[in-house]
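See below for the structure under consideration.
The values are calculated or read from the model by the stated rules, or taken from the named source; none is laboratory data. Bear in mind the structure is a predicted one, so any value in this text is a computation, not a measurement. All Cβ positions, glycine included, derive from the backbone under ideal geometry; neighbour counts span all protein chains shown.
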Amino acid sequence: MVSSREIRLKSRPTGSLSDANFEFATVELKDPADGEVQVRNRWMSVDPYMRPRMNDVKSYVPPFEVGKALDGAAIGEVVASRDPGFKPGDLVQSGLGWRDAFTVPGKMLRKLDPRGLPPQTYLGVLGGTGFTAWVGLLKIATLKPGDVVFVSGAAGAVGQVVCQIAKLKGHKVIGSAGGAEKIAWLKEIGVDETIDYKAEKSVRQALARAAPDGIDVFFDNVGGAHLDAALALSRDFARFALCGSISGYDTAERSEGIRNTVVVVTRRLRLQGFIILDHFNELGDFLRDMSQWVAEGRIKWKETVVDGLDNAPGALMSLFKGANLGKMLVKLA
């Protein structure tokens, strides 16, 4: 028998997350039975969508259960296998982060070929965040020649990829992020105009300076004032890909309603939310495109890495303080 530590939801947060909402537990893992595989996690992803799952509300994925282990994307190494499709040493992707190790049927795992890249890349640009950027920009916003693209949360895991796809497609890109380090990163990856929303009195005024003739595409990771600003500066027939609203996740206050909705009609705008779970039929096309762009050096990325399972709750909480540059990851071993 092998012991594994895991992090559980101890209580549902009211307002901002705190250490009191998490608890650690140790469980004994059974040896693999026929068709099963035992995995030790090496990397786990920390993502904004995990915060709403801590509330007891219906959504596109079930809420986390109090007293049960959290979960999320992870990369691990097979340590024992009774599934002929896996052998010790294989790298695998799973949805069972927030724990040291686990034993599951092999059908719950995806074997990885790192292709010479760090394995955690498959939690970032070649994983869910890269796929989200690709789907949102190319399939939801239906990027067209000549579009001016505005990206909120532009220095985050998804936003940094959106900006670069738009640039390699030949578009003017405006990126909003908070703080000098993030703005410097956006400039390094070729973003044409940047907005440090923490240094601006008004996102709308800053966007008007950056895009005096308006925007055609808005990729939104933030919501709130950024969405209002994008509506105000939209051109006729602009398309909005609504990916997330992180500005309202970690608070007890209800999100503000969208203002200025009259322009949705008068400018014939299209606002569409999306979830990548609905687009797995396009995963092969994404991997083809992104693998080529990465190999050609046309996509770069930043990671914020936190060491150790003990620090995973703090890593999640820090997302809502804007502490991450690029993808937030926890290195487990």
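Looking only at segment 210-225, how many residues end up being assigned to a helix (DSSP H, G or I) and in contact with an Asp or Glu (Cβ under 8 Å, 6 or more places away or on another chain)? Let's see the steps before the verdict.
If we filter segment 210-225 for residues that are assigned to a helix (DSSP H, G or I), which is where we start, we get 210, 225.
Filter once more, so that each one left must be in contact with an Asp or Glu (Cβ under 8 Å, 6 or more places away or on another chain): 210.
Going through segment 210-225 one residue at a time, the tally reaches 1.
Among residues of segment 56-67 that are free of Cβ contacts under 8 Å to residues at least 12 places away in the same chain, those with a Cβ under 6 angstrom from a residue that is charged (D, E, K, R), sequence gap 6+ or separate chain, pair up as Pro63/Arg53; Pro63/Asp56.
How many of the residues in segment 62-78 are buried (at least 16 other Cβ atoms within 10 Å of the Cβ) and farther than 20 Å from Glu36 by Cβ?
Filtering segment 62-78 down to residues buried (at least 16 other Cβ atoms within 10 Å of the Cβ) leaves 64, 69-78.
In the following step, the residues that additionally are farther than 20 Å from Glu36 by Cβ were identified as 64, 70, 72-73.
So the count comes out to 4.
Close contacts from segment 186-211, counting a first residue that is under 14 Å from Ala166 (Cβ atoms) and a second that is hydroxyl-bearing (Ser, Thr, Tyr), with Cβ to Cβ under 6 Å and a gap of 6+ residues or different chains, come to Leu186/Thr194.
Annotation: Ala230 fulfils all but one of (1) of a type in the set (Gly, Ala, Ser); (2) assigned to a helix (DSSP H, G or I); (3) free of Cβ contacts under 8 Å to residues at least 40 places away in the same chain; the unmet one is (3).
Checking the structure you have, find out if any residue of segment 43-55 is assigned to a strand (DSSP E or B), without any contact (Cβ under 8 Å) to a residue 40 or more places away in the chain and not small (Gly, Ala, Ser). Spell out the reasoning first.
Pass one, segment 43-55, residues assigned to a strand (DSSP E or B): 43-45.
Then keep just the ones that are without any contact (Cβ under 8 Å) to a residue 40 or more places away in the chain; that gives none.
No, because not a single residue in segment 43-55 is assigned to a strand (DSSP E or B), without any contact (Cβ under 8 Å) to a residue 40 or more places away in the chain and not small (Gly, Ala, Ser).
When Tyr60 is tested against the conditions (1) closer than 27 Å to Ser11 by Cβ; (2) in a helix (DSSP H, G or I); (3) not charged (D, E, K, R), the lone failure is (2). When each of Thr129, Thr142 is tested for being within 27 Å of Arg42 (Cα to Cα), of a type in the set (Val, Ile, Thr) and not in a strand (DSSP E or B), the lone residue that passes is Thr129.
Between Gly178, Gly190, Gly159, Gly170, the distinction of being touching a Ser or Thr at 6+ places or on another chain (Cβ under 9 Å), assigned by TED's automatic domain parsing to the domain that holds Asp220 and small (Gly, Ala, Ser) belongs to Gly159 only. Of the residues contained in segment 13-31, none is found to be closer than 17 Å to Gly97 by Cα, among the charged types (D, E, K, R), touching a residue at least 24 places away in the same chain (Cβ under 8 Å) and surrounded by 14 or more Cβ atoms within 10 Å (Cβ to Cβ). For Leu207, the conditions (1) crowded, with 20+ Cβ neighbours inside 10 Å; (2) under 19 Å from the mean Cα position of the chain (by Cα) all hold with the exception of (2). For residues that are surrounded by fewer than 14 Cβ atoms within 10 Å (Cβ to Cβ) and in contact with a Phe, Trp or Tyr (Cβ under 6 Å, 6 or more places away or on another chain), scanning just segment 267-314, find the one that is modelled with the highest pLDDT. Per the criteria, the residue is Arg268. Residues in segment 186-209 that are of a type in the set (D, E, K, R), part of a helix (DSSP H, G or I) and touching a helix residue (DSSP H, G or I) at 6+ places or on another chain (Cβ under 8 Å): 1 in all. Among the residues of segment 1-11, those identified as surrounded by 13 or more Cβ atoms within 10 Å (Cβ to Cβ) and not β-branched (Val, Ile, Thr) are Ser4, Arg5, Glu6, Arg8, Leu9, Lys10, Ser11. Is it true that Ala101 is of a type outside the set (D, E, K, R) and closer than 26 Å to Asp228 by Cα? So Ala101 does not fit the description; no. Applying the set (1) touching a residue at least 24 places away in the same chain (Cβ under 8 Å); (2) assigned to a loop (DSSP other than H, G, I, E, B); (3) under 30 Å from Thr26 (Cα atoms); (4) not basic (Lys, Arg) to Leu329 leaves exactly one unmet item: (2). Selection within segment 257-281: residues that are outside any helix (DSSP H, G or I) and of a type in the set (Val, Ile, Thr). The member of this set that is nearest to Trp134 (Cα to Cα) is Ile275.
Every residue, every condition in (1) modelled with pLDDT of 95 or more; (2) among the basic types (Lys, Arg); (3) surrounded by 24 or more Cβ atoms within 10 Å (Cβ to Cβ), yes or no:
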| position | (1), (2), (3) |
| --- | --- |
| Asp113 | no, no, no |
| Gly130 | yes, no, yes |
| Val135 | yes, no, no |
| Ala155 | yes, no, yes |
